[in-house]
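The values are calculated or read from the model by the stated rules, or taken from the named source; none is laboratory data. Since the structure is predicted, the reported quantities are computational estimates derived from the model, not experimental observations. Every residue, glycine as well, gets a Cβ built from its backbone with ideal geometry; the counts of neighbours run over all protein chains shown. In case anyone asks, the SASA skips ligands and DNA or RNA and just uses the protein heavy atoms, side chains included. Shrake-Rupley method; radii C 1.70, N 1.55, O 1.52, S 1.80 Å.
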Amino acid sequence: MNGKIIFYEDRNFQGCSYECSSDCSELSSHLNRCNSCRVESGMFMVYDRPNYMGHQYFLRRGEYPEYQHMLGFNDCIRSCRMIPQHMGQFRMRIYEKENFGGQMHEVMEDCDSIQERYHMPEMQSCNVMDGHWVMYEQPQFRGMQTYLRPGEYRNTREMGMGNDEMRFQSMRRISSDAAF
């Protein structure tokens, strides 16, 4: 299933628009700014900086007429990544320390508190083996989000967090029927 998202320069779907059905590393080449969007199909991660950097937020089918208040961005959307639909199992190994050190647990379902469920004070590296995931900085799927696709992540910087102090406290599988 392909995704389709339409970005608008102004709030409430006004102004010039740009239709996108794949990853876009730099929206400014298509629009002066982006202050609202509509996801017509699929799932996307949007970023407040070019090249898939900065704050991230997961979007699914729906309308986002004034995303700054809903998503908490201080700026406008600058890039987006389409999230492919995953039909198989979900599997990730999480590690307490960088470079896959310390305690290790294999995760196959959503986790609302890594610390409570796995008795790990923090998670600093992981190996996403199957599926696509959203990681959250706070328990109960709250706070800043980070999108992880299959691959090895030796530290939080490789996971897309520029801040070495950032730690993940909960995680959710990305599927078409997931509750976000």
Checklist outcome for this item: Matching label for the computed mean projected area of the Cα convex hull in nm², out of (1) 9.4; (2) 10.0; (3) 13.5, is (1)
Checklist entry - Assigning unit charges at the beta carbon (Lys, Arg +1; Asp, Glu -1) and nothing else, what dipole magnitude in debye, to the nearest 20, does segment 91-135 show about its Cα centre? => result 160 debye
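With contacts defined as alpha carbon pairs under 8 Å and 6 or more residues apart, what's the relative contact order of segment 1-51 in percent?
Working: 88 pairs, mean separation 23.1, N = 51.
After rounding, I find 45 percent.
Counting only heavy atoms of the protein chains, get the accessible area per residue of the chain (1.4 Å probe) and round it to a whole Å² value.
Working: 8840 Å² over 180 residues.
Accessible surface, normalised per residue, equals 49 Å².
Rounded, prolate or oblate: which one fits segment 1-51, using the alpha carbon gyration tensor with axes a ≥ b ≥ c (rounded when a/c is under 1.5, else prolate when a/b beats b/c, else oblate)? Don't skip to the answer; put the middle values down first.
Values: a/c = 1.85, a/b = 1.20, b/c = 1.54.
Taking the square roots of the gyration eigenvalues as a ≥ b ≥ c, segment 1-51 is oblate.
Under 8 Å for C-alpha pairs, at least 6 residues apart: give me the relative contact order for segment 51-141, rounded to a whole percent. Don't skip to the end; give the middle numbers.
Numbers: 105 pairs, mean separation 23.6, N = 91.
Relative contact order of segment 51-141: 26 percent.
Calculated FRET efficiency, Asn12 and Asn32, Cβ-Cβ r, R0 22 Å, to nearest 0.05? Could you put the intermediate results ahead of the total?
Working: r = 17 Å, r/R0 = 0.76.
With R0 = 22 Å, the Cβ-Cβ based efficiency is 0.85.
So what is the relative contact order for the chain, in percent, with contacts set as C-alpha pairs under 8 Å and at least six apart?
Taking the mean separation of contacting Cα pairs over the length of the chain, I get 17 percent.
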Checklist entry - On the accessible surface of the chain, probed at 1.4 Å, how many percent belong to carbon and sulfur atoms? => result 40 percent
Item to check | Extreme residue, positive dipole direction of segment 41-134, given options Gly131, Gly102, Pro121 (C-beta unit charges) | outcome: Gly131
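Under a Cβ-only charge scheme (Lys and Arg +1, Asp and Glu -1), can you give me the dipole magnitude of the chain about the Cα centre, in debye to the nearest 20? Write down the numbers at each step before the final one.
Values: 20 positive and 25 negative charges, 42 e Å.
Using only the charged Cβ atoms, the result is roughly 200 debye.
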